[in-house]
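Asker: One structure is given below, represented as structure tokens, and several questions about it will come after.
What follows draws every value from the coordinates through simple rules; no lab data is involved. Because the structure is a prediction, the values reported are computed rather than measured. Glycine gets a Cβ as well: all are built from the backbone with ideal geometry, and neighbour counts include every protein chain shown.
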Amino acid sequence: MQLAISGKNLEVTDSLRAYVEKKIGRLDRYLPNVSDARVELAVENTRASRDRQIAQVTLRTRQAILRAEEASADMFASIDAVFEKMQRQADRYKGKRWSKRGGEETEAPTAQAAEEATAEEQPSRISRVKRFPMAPMDEEEAVDQMELLGHDFFVFFNVNQNQINVVYKRSGGDYALIQPDLA
């Protein structure tokens, strides 16, 4: 697993780096097929001092992307909390894969990977552009990915329709699918 650690408004010291490597390295036990791990540590100037130290972890496997973020007054506590959250997500992900495949784990198509956003200086209202590779999947896989990421919507290439679709969570708790028709 490749591990990238970055800091925002924070110098990543050797002891902090070693602590992150130790904690995140243990996630390999839960998800042995993690190819890439990105840890972003940030200190933000917020009114609430209890939410200033933020740790965000993004794990990429061939099948999925798992992301978690935690904030607290202490960076080490934030790292511990985000590690526990990632453990729960990994267990939930493995459980879904196991039940979905009827007790037989198989390789799933590559999930879309949310690449680091590139903010460009533009006079328009668009302040951020995200680019990501999009792997073909069906509606159920897209809903699973959306839940794993903790998002309200998910853009994907629908193999059943052979086009780009969007799934989103409705206020009633069920899901909806958007299939565009060109005018």
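Asker: Place a point 7 Å from the Cα of Leu3 along the Cα-to-Cβ direction; which residues of the stretch 53-81 have their backbone N under 15 Å from it?
Answerer: So the set is 56-60, 76, 79-81.
Asker: Quote to one decimal, in nm, the extra length available between Ser127 and Ala176 on full extension: 0.36 nm per residue of separation minus the C-alpha distance between them. Kindly include the intermediate steps, with their values, before the conclusion.
Answerer: Values: separation 49, 0.36 × 49 = 17.64 nm, distance 2.75 nm.
Full extension of this stretch gives 14.9 nm more.
Asker: Once you place label points 7 Å from the Cα toward the Cβ at Arg92 and Leu10, how far apart are they in nm?
Answerer: 2.3
Asker: Of Lys85/Lys130; Lys8/Lys169; Lys8/Lys94; Lys130/Lys169, which sit over 27 Å apart, Cα to Cα?
Answerer: Details: Lys85/Lys130 25 Å; Lys8/Lys169 32 Å; Lys8/Lys94 32 Å; Lys130/Lys169 21 Å.
Those over the limit are Lys8/Lys169; Lys8/Lys94.
Asker: Same structure, new question: Using only Cα atoms, figure out Rg for the stretch 2-100 and give it as a multiple of 2.2 N^0.38 Å.
Answerer: That ratio works out to 1.09.
Asker: Just grab the label-to-label distance for Arg26 and Asp80, each label 7 Å out from Cα along the Cβ direction, in nm (one decimal).
Answerer: Using points 7 Å along Cα→Cβ, the separation is 1.0 nm.
Asker: Just flag the trypsin sites (Lys or Arg not before Pro) in the stretch 1-76 sitting in loop per DSSP whose Cβ has no more than 15 other Cβ atoms within 10 Å. Could the numbers behind the result be given before it?
Answerer: On the way: sites: Lys8, Arg17, Lys22, Lys23, Arg26, Arg29, Arg38, Arg47, Arg50, Arg52, Arg60, Arg62, Arg67; in loops: Arg47, Arg52, Arg62.
Passing both the DSSP loop test and the Cβ count: Arg47, Arg62.
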